[in-house]
1. Just a yes or no: is a residue in region 4-16 at pLDDT 85 or above, part of a helix (DSSP H, G or I) and loosely packed, with under 12 Cβ neighbours inside 10 Å?
2. Condition check: assigned to a loop (DSSP other than H, G, I, E, B), open to solvent by 40 Å² or more (accessible area, probe 1.4 Å) and at pLDDT below 85. Does Gly35 satisfy that?
3. Across region 38-60, which residue is surrounded by the fewest Cβ atoms within 10 Å (Cβ to Cβ) among those that are over 14 Å from Trp15 (Cβ atoms) and of a type in the set (A, V, I, L, M)?
4. Out of the residues in region 61-70 that are open to solvent by 80 Å² or more (accessible area, probe 1.4 Å) and not in a loop (DSSP other than H, G, I, E, B), state the one that is nearest to Ala16 (Cα to Cα).
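The values are calculated or read from the model by the stated rules, or taken from the named source; none is laboratory data. On a predicted model such as this, the values are computed, not experimentally measured, just so you know. FYI the Cβ positions are ideal-geometry reconstructions off the backbone, even for glycines, and counts take in every protein chain you see. Just the protein is used for accessible areas: all its heavy atoms, side chains included, with ligands, DNA and RNA removed. Shrake-Rupley method; radii C 1.70, N 1.55, O 1.52, S 1.80 Å.
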Amino acid sequence: MVGSGGGIAGAFGGWAGALREAFPGDELRVYPALGEPAEIEIALVANPPPGVLGLLPNLRLIHSLWRGVD
C-alpha cells in the first residue's frame, strides 16, 4: 500500500488489518517498507508520492482507495 500525507497509519490502518485478515496467505507491505520492489504485483494507493509506482517493475494492478477516481 502506498500513500502520503496524513501518516500511513491514519490512511491505511483499517485497510491493512482487514486485508491481512482476508488474505492470510499474501504478504502486505506498507510504504516505505516495500522490500524488494520486483516482488510487488499489486498496489493499493492513496496519493502515492511521485515516482514511487515507477520503482515497481512488475506491477499488474494499481487500485485507488479514494472515492470518485475514474
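1. First, pick out the residues of region 4-16 that are at pLDDT 85 or above: none.
Within region 4-16 (the criterion being at pLDDT 85 or above, part of a helix (DSSP H, G or I) and loosely packed, with under 12 Cβ neighbours inside 10 Å), the answer is no, since none of the residues qualifies.
2. Values: assigned to a loop (DSSP other than H, G, I, E, B): yes; open to solvent by 40 Å² or more (accessible area, probe 1.4 Å): yes; at pLDDT below 85: no.
Answer is no for this residue.
3. Here the residue is Ala38.
4. Filtering region 61-70 for residues open to solvent by 80 Å² or more (accessible area, probe 1.4 Å) gives 61-63, 66-67, 69-70.
Still in the running and not in a loop (DSSP other than H, G, I, E, B): 61-63.
Values: Leu61: 17, Ile62: 16, His63: 14 Å.
Across region 61-70, the extreme among qualifying residues is His63.
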